[in-house]
Amino acid sequence: MSVLRETTQYGAGMLLAQVISAFRGLLVAGYLGPQLFGLWKVLQVALDYLGYCHLGLQHGMARLIPLFWERGEGEKERWMRSFVFGMSILTAVIAGGLALVLTNGQEKEIRYAWVGIAAVLVASQLFRYLHMVCLADGRFALLSISNVLFAVIALVMMTVCIPESGLGWGLYGVFAGLGVGYGAVLLLGIVQGVYPRIVFRPERSFPRKPVVSLIFRTGFPFMAVDGLFVVWQGIDRLGLAWLFGAKSAELGYYGFAATVASFAIQVPQVVTRVMFRRVLASLAKGEGDDADLGRNFEAPAIAFAGCAPLIYGLGLIVTWCLIRGVPFLQGFRGAEVSIGLLLLSAYWCGIGLQIRNVFIGTDRMWRLGVIYTIAITATVAVLFIASPIQFGDTQIGIAAGGLGMLVGSIVFAFLSIMDGLRILLIEWKKIGSLLLQLTVPFIPYAIWTGWMVFYRGSVCESWGWSLAELVVLTVPGAVWAYGKVAGTRILSPG
């Protein structure tokens, strides 16, 4: 199956799931209000962090499945799936129990929320297991269906459980929706044969300890580095919770903006995830060389740089119009500046993500981990320095979170490109040329966003002009990108 077909197949499902999830996010924000929504976004960070309680076993499995295929080691592959499946359940139970013990003594509302996190943790781990298996097996259609199924079921359940017009469970209705959604995907996975019938399957045809060690050694570094990315994506909310309080309206505003940005980040990750399996399989066969890896990065990076400004600009217009036009979202008008900043940061984050497979495929994940650490440091530093700064009567406040993520994303993108392409022996001159080309489409998009945020103010009342200005400023970049991708390649080993 071609990269284009796999990307379309996976991307279509992801797009539909993200549209549904975006709608769900808006509903949840409106149902909960700024204060409870801000608390939920902090708890969501905790749930994301606990998602790595499998200690990298799922990541190791995803990397080793293609390798065992190529080597004809079917027995090891089947045993590995069973072992990782069992460990995913066991580690989730242990992590959920520890979370409850460590949060004992907190106020009732937060304590019950942690009970909700512990309750859905096992189901979320099995969802992640399905995700990893589908990526490794190339079952992108099933992965798309599972994403859409989860999004639909969670939306329906939250609509029933959260509002006073329904069951009136409030914040706890969010966990009910997640749990039922994960449960539906679990049933689908069972029907499709994703989950092993035997947990911790016995095996005597080969020694198991070396296989367990290989899974851990392969997956833990991957998990640690991937976990650093998740830490970075949530560190802004944790920092603002420290400054403003976990149940503050300010954090709710920023949480709304972070919800919008989380959907934006999914756009570049589609191609990166599709290329993941192809890069590993190519290396296992000994077919992929450094020039191939370089070219595999170049085309998606340029395509994304050309299209992202138009897509994200449309997202800004639509989101602002929803905030000002939908009655139950008007309480989130304090999120508008942060939305603009976080969508700007999503541009550079997406650029940097396009080279992640280079670090994975060349076994240099630790270098990517260093880059993530530098990006985290830059984000936190800017957040805490900028937050108290005032311009006249206006304090930067929560917008410092978006500003920190923007600076951190620029640092991440530039360091990833420079270091990743040097691994592939690309000349500095060509790296500098590529960085310049990736920066050019960002400049008019940044100018347009600044105009929207600081001067125009009301996009809804003049959305026609806003859209026309966006098209004029960003379509030339999209046309340029198409010409580059459709034409000759601009990078080669130097």
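Does the stretch 261-276 contain at least one residue that is among the β-branched types (V, I, T), modelled with pLDDT of 90 or more and assigned to a helix (DSSP H, G or I)? No: the stretch 261-276 contains no residue that is among the β-branched types (V, I, T), modelled with pLDDT of 90 or more and assigned to a helix (DSSP H, G or I). Taken as a whole, the structure places V199 among residues that are in a loop (DSSP other than H, G, I, E, B) and either in the same structural domain as Y52 (by TED's automatic domain parsing) or in contact with a helix residue (DSSP H, G or I) (Cβ under 6 Å, 6 or more places away or on another chain) (or both). Residues in the stretch 301-343 that are aromatic (F, W, Y), more than 30 Å from K484 (Cα to Cα) and buried (at least 24 other Cβ atoms within 10 Å of the Cβ): W320, F332.
Do you know which of the residues in the stretch 424-439 that are among the hydrophobic types (A, V, I, L, M, F, W, C) and within 25 Å of the chain's Cα centre (by Cα) is modelled with the lowest pLDDT? Here the residue is L434. Residue-level check: of (1) exposed (fewer than 14 other Cβ atoms within 10 Å of the Cβ); (2) modelled with pLDDT of 75 or more; (3) over 25 Å from the mean Cα position of the chain (by Cα), I443 misses just (3).
Residue-level check: of (1) at pLDDT below 95; (2) within 24 Å of G181 (Cα to Cα); (3) out of contact with any Ser or Thr (no Cβ under 8 Å at 6 or more places or on another chain), W79 misses just (2). Note on the stretch 392-417: among residues that are over 20 Å from the mean Cα position of the chain (by Cα) and crowded, with 18+ Cβ neighbours inside 10 Å, the one that is nearest to T373 (Cα to Cα) is A400. Criterion applied to L15, L50, L55, L67 was being at pLDDT below 90 and within 18 Å of the chain's Cα centre (by Cα), and the one residue passing it is L15. Filter the stretch 146-184 for residues that are under 23 Å from I89 (Cβ atoms) and either surrounded by fewer than 22 Cβ atoms within 10 Å (Cβ to Cβ) or not assigned by TED's automatic domain parsing to the domain that holds S21 (or both) and give the result. Result: L149, I153, A176, G179, V180, G183, A184.
Checked against the criterion of being farther than 23 Å from I339 by Cα and either in a loop (DSSP other than H, G, I, E, B) or assigned by TED's automatic domain parsing to the domain that holds I235 (or both), the stretch 397-410 contains not a single residue that satisfies it.
The values are calculated or read from the model by the stated rules, or taken from the named source; none is laboratory data. Keep in mind that this is a model prediction, so the values were computed, not measured. Note that each Cβ is placed from the backbone with ideal geometry, even for glycine, and that neighbours are counted across all protein chains shown.
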